[in-house]
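These notes are about the structure you will find just below.
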Amino acid sequence: MSRARGPAPASGERLPRRVQVLVAGGGPVGLAAAVELGRRGVRCLVVEPRPTVSRARPRCKTLNVRTMEHLRRWGLADRLRARAPLPVSWSRDVVFCTSLTGWELSRFTGVLGLAPDGDRFPETGQQAPQYVLEEVLREAVGEIDACHLALGSRVVALDQDDEQVTVAVEDGHGGRTLVTADYVIGCDGPRSAVRDLIGSSYLGEHALRPNFGFVFRSPGLGDLVRHGPAVQYWIVNASAPALVGPLDREDTWWAIAFGVDRESGEREAQRLIDGVAGRPVRAAVLSTDPWTARMQIVDRMRGGRVFLAGDAAHLNPPFGGHGLNTGIGDAVDLGWKLAAVLAGWGGAALLDSYETERRPVQERVIREATANMRVLSTELLADNLDDADRAGAEARRVAGARIQQTKAAEFHSLDLVLGLRVSTSPVLPEDEVQGGDGPESAGRTGARLPHLFLADGRSLYDLLGPGLTLLTFGRGAPDRAVEDAARARGVPLTVVDLHELTGRDRDRAARLGARRLLVRPDQVVGWRGDGLPQDVPALIDTLSGAAQAPRRPPALPAAPRPRAGRNGDGADAAHPR
């Protein structure tokens, strides 16, 4: 059950002294973790220092297909789309040009999962500023009875033993409250206090080149654009090599000027805007957000009963729009596993699997984003691009060919978004089919369940239960054996008979890869086969994390002394797109 209630500021209010999970940081990742937990009845407290969501810095703007699938599962996809300033129908294009009023060099269409693709997914991607997602998730957390959102407060210290974590929460007036929790999730961004407090550290590199992000308003600029609507315009000229796009249809734009430091950007903002536009325009800068790209991941994502997720655990360049979405994936993975353990049907191996399953995903995303960063507008500069003669036409042809060759993977990345597969995990049995990530992994153990629209028009994903789901084509003795084993172990199981639901379209249903599949709460295939598993109880034990003897998580060797920290996932400008 839930009730509609807006989040109240933490200053002066009484915090719960005992919760099951405390989430440090109420940015998108922390809020997503709270929604995943709260919808499963887990009592959680989200501690966030920002009383309100700032609209000054839109930061990440690409919500990919996978994130939208989770929002659909939470009942929030339509709410998010209704709030997005630009509907999906606005544009599905990315344009490379010499300026908004200059020559077009190349174009990508159907980008970033914004176009439907048959049965492949139930929700397209969505372009929306990060603050829109935060506002929707804050509302959702406020509507869940099990969740408490403490605004204006931050985590400043923690200590733990074998049974619980004691957390010091400081309000805006310096008053401190001690809260005990079974577990803590650090979603408090690049300058994570929780990461420091468990002694975890980033490993990796910083980019050397600065970038100057800013938001500006320019009345009538959209009417001057020669290239039609686009979600991104890559500006390739010597005066203002940049990436720019509309935030709304009311003259507000975001931009990233490549190779420009804070001082130069603030001093020359109008010149940069004129360079992007290709002519002098009226404009006012609304906010600035200088940043440098970071390619980093922590040495460990867990210390005893404390876990790290989102920016607190990993940072990547923004190119391709993967950063925030990877953090949402962290929240989902850790959220359902913590909920299962707290409900009693999940074993210790479930929590051990968090880092095992998420680290390869995070590392691959960092590699892909770093590859996308190798060719930006600054690397595409060439002579004669703006010339109207034969030399100009040839220069633009060569530039266009290079853009198509080097940038296609950045905008057509569904194989990465949907094809990532968990190949090794203590809570997944081995799949007899060999192969890696990508389209060929569809239906395999550890991969995202292939999506289908059923004969009656519903999404297959809408039929999945909150625990394990058994998909079967015609219920029989093997299915009853799975049901009996799950019931004996207290593991929630939903059974869906697809024999009638898929109608006559057997070719589409065959894409599931087997007559029976066990699907995890995160829509990942846990097992597949045509008949009865060799050892049904052992399979249920593996998927629920109970195959290993239960053990308590190790305590920290020595808790550091209380120290100041900052909460709020995405609070730094490590990857603002």
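The values are calculated or read from the model by the stated rules, or taken from the named source; none is laboratory data. In this text, all values refer to a predicted model and were calculated from it rather than measured experimentally. Cβ placement follows ideal geometry from the backbone for every residue including glycine, while neighbour counts extend to all protein chains displayed.
Of the conditions (1) crowded, with 19+ Cβ neighbours inside 10 Å; (2) over 30 Å from Leu428 (Cα atoms); (3) among the aliphatic types (A, V, I, L, M), Ala388 clears all except one; give me its number. Among (1) crowded, with 19+ Cβ neighbours inside 10 Å; (2) over 30 Å from Leu428 (Cα atoms); (3) among the aliphatic types (A, V, I, L, M), Ala388 violates only (1). Tell me whether the range 356-367 contains one or more residues that are hydroxyl-bearing (Ser, Thr, Tyr), within 18 Å of Ser425 (Cα to Cα) and touching an Asp or Glu at 6+ places or on another chain (Cβ under 8 Å). There is no residue in the range 356-367 that is hydroxyl-bearing (Ser, Thr, Tyr), within 18 Å of Ser425 (Cα to Cα) and touching an Asp or Glu at 6+ places or on another chain (Cβ under 8 Å).
How many residues does the range 234-267 hold that are touching a helix residue (DSSP H, G or I) at 6+ places or on another chain (Cβ under 8 Å) and surrounded by 20 or more Cβ atoms within 10 Å (Cβ to Cβ)? Give the derivation first.
Going residue by residue through the range 234-267, those that are touching a helix residue (DSSP H, G or I) at 6+ places or on another chain (Cβ under 8 Å) are 234-237, 239-244, 246, 249, 251, 253, 255, 257-260, 265.
This time we only want the ones that are surrounded by 20 or more Cβ atoms within 10 Å (Cβ to Cβ), so: 234-237, 240-244, 246, 253, 255, 257, 260, 265.
Total meeting the criteria: 15.
Residue under question is Val35, and the condition is that it be modelled with pLDDT of 95 or more and in a helix (DSSP H, G or I); does it hold? Yes, satisfied. Taken as a whole, the structure leaves Ala331 outside the set of residues that are buried (at least 23 other Cβ atoms within 10 Å of the Cβ), outside the structural domain of Tyr354 (by TED's automatic domain parsing), in contact (Cβ under 8 Å) with a residue 24 or more places away in the chain and among the aliphatic types (A, V, I, L, M). Scanning the range 522-537 for residues that are small (Gly, Ala, Ser) and either under 34 Å from the mean Cα position of the chain (by Cα) or under 28 Å from Arg72 (Cβ atoms) (or both) turns up Gly526, Gly529. Within the range 355-375, residues that are farther than 16 Å from Phe411 by Cβ and assigned by TED's automatic domain parsing to the domain that holds Asn325 have Cβ atoms under 7 Å from residues that are charged (D, E, K, R) and assigned to a helix (DSSP H, G or I) in these pairs: Glu357/Asp333; Arg358/Asp330; Arg358/Asp333, counting only partners at least 6 apart in sequence or on another chain.
Looking only at residues in the range 69-113 that are under 30 Å from Ile144 (Cα atoms) and charged (D, E, K, R), which one is nearest to the chain's Cα centre (by Cα)? Restricting to residues being under 30 Å from Ile144 (Cα atoms) and charged (D, E, K, R), the top hit is Glu69.
Do we find that Arg364 is closer than 20 Å to Phe258 by Cα and part of a helix (DSSP H, G or I) in this structure? Working first, answer last.
On the way: closer than 20 Å to Phe258 by Cα: no; part of a helix (DSSP H, G or I): yes.
No; evaluated as a whole, the condition is false for this residue.
Kindly indicate which of Asp261, Asp248 is of a type outside the set (A, V, I, L, M, F, W, C) and over 16 Å from Gln127 (Cβ atoms). Break it down into steps so the answer makes sense when it comes.
Values: Asp248 fails: over 16 Å from Gln127 (Cβ atoms).
Every option except Asp261 fails the conditions.
Of all residues in the range 343-385, those satisfying the criterion of being among the β-branched types (Val, Ile, Thr) and either farther than 14 Å from Leu315 by Cβ or buried (at least 20 other Cβ atoms within 10 Å of the Cβ) (or both) are Thr356, Val361, Val365, Ile366, Val375, Thr378.
With respect to the stated conditions, Pro51 is in a loop (DSSP other than H, G, I, E, B) and within 17 Å of Arg138 (Cβ to Cβ). On the stretch given as the range 377-429, residues that are aliphatic (A, V, I, L, M) and more than 31 Å from the chain's Cα centre (by Cα) total 10.
Could you grab me the full set of residues in the range 445-454 that are closer than 20 Å to Gly118 by Cβ and in a loop (DSSP other than H, G, I, E, B)? Walk me through how you get there before you give the answer.
Residues of the range 445-454 that are closer than 20 Å to Gly118 by Cβ, as a first pass: 447-454.
Within the range 445-454, Leu449, Pro450, His451, Leu452, Leu454 qualify.
Restricted to the range 379-424, and to residues that are assigned to a helix (DSSP H, G or I) and basic (Lys, Arg), which residue is nearest to Ala242 (Cα to Cα)?
Pass one, the range 379-424, residues assigned to a helix (DSSP H, G or I): 379, 390-411, 414-419.
Filter again for basic (Lys, Arg), leaving 390, 396-397, 402, 407.
Values: Arg390: 26, Arg396: 17, Arg397: 20, Arg402: 17, Lys407: 15 Å.
Top of the filtered list is Lys407.
Among the candidates Gly545, Gly568, Gly503, the residue that is modelled with pLDDT of 90 or more and on the phi > 0 side of the Ramachandran plot is uniquely Gly545. Just one of the numbered conditions (1) out of contact with any Leu (no Cβ under 7 Å at 6 or more places or on another chain); (2) outside any loop (DSSP other than H, G, I, E, B); (3) touching a residue at least 40 places away in the same chain (Cβ under 8 Å) is not true of Val179: (1).
All told, Thr52 falls short of being out of contact with any Pro (no Cβ under 8 Å at 6 or more places or on another chain), surrounded by 24 or more Cβ atoms within 10 Å (Cβ to Cβ) and in the same structural domain as Pro317 (by TED's automatic domain parsing). Screening the range 141-169 for residues that are crowded, with 23+ Cβ neighbours inside 10 Å and of a type outside the set (Val, Ile, Thr) and picking the one that is nearest to Pro318 (Cα to Cα) gives Arg154. Filtering the range 457-497 down to residues that are at positive phi and modelled with pLDDT under 95, which residue is nearest to the chain's Cα centre (by Cα)? If we take residues in the range 457-497 being at positive phi and modelled with pLDDT under 95, then Gly457 is nearest to the chain's Cα centre (by Cα).
Any residue in the range 154-162 that is among the acidic types (Asp, Glu) and part of a loop (DSSP other than H, G, I, E, B)? Full working, then the answer.
Pass one, the range 154-162, residues among the acidic types (Asp, Glu): 159, 161-162.
Still in the list and also part of a loop (DSSP other than H, G, I, E, B): 161-162.
The answer is yes, given that some residue of the range 154-162 is among the acidic types (Asp, Glu) and part of a loop (DSSP other than H, G, I, E, B).
The lone criterion from (1) without any contact (Cβ under 8 Å) to a residue 60 or more places away in the chain; (2) in contact with a strand residue (DSSP E or B) (Cβ under 8 Å, 6 or more places away or on another chain); (3) assigned to a loop (DSSP other than H, G, I, E, B) left unmet by Met68 is number (3).
Listed here are the residues, each with its yes/no results for (1) outside the structural domain of Ala343 (by TED's automatic domain parsing); (2) surrounded by fewer than 17 Cβ atoms within 10 Å (Cβ to Cβ); (3) not in a helix (DSSP H, G or I).
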| site | (1), (2), (3) |
| --- | --- |
| Asp456 | yes, yes, yes |
| Leu470 | yes, no, yes |
| Gly474 | yes, yes, yes |
| Arg480 | yes, yes, no |
| Ala485 | yes, no, no |
| Gly490 | yes, yes, yes |
| Thr494 | yes, yes, yes |
| His499 | yes, yes, no |
| Ala510 | yes, yes, no |
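Looking across the range 290-314, just one residue is over 21 Å from Ala369 (Cα atoms), buried (at least 21 other Cβ atoms within 10 Å of the Cβ) and in contact with a Pro (Cβ under 7 Å, 6 or more places away or on another chain), and that is Arg305.
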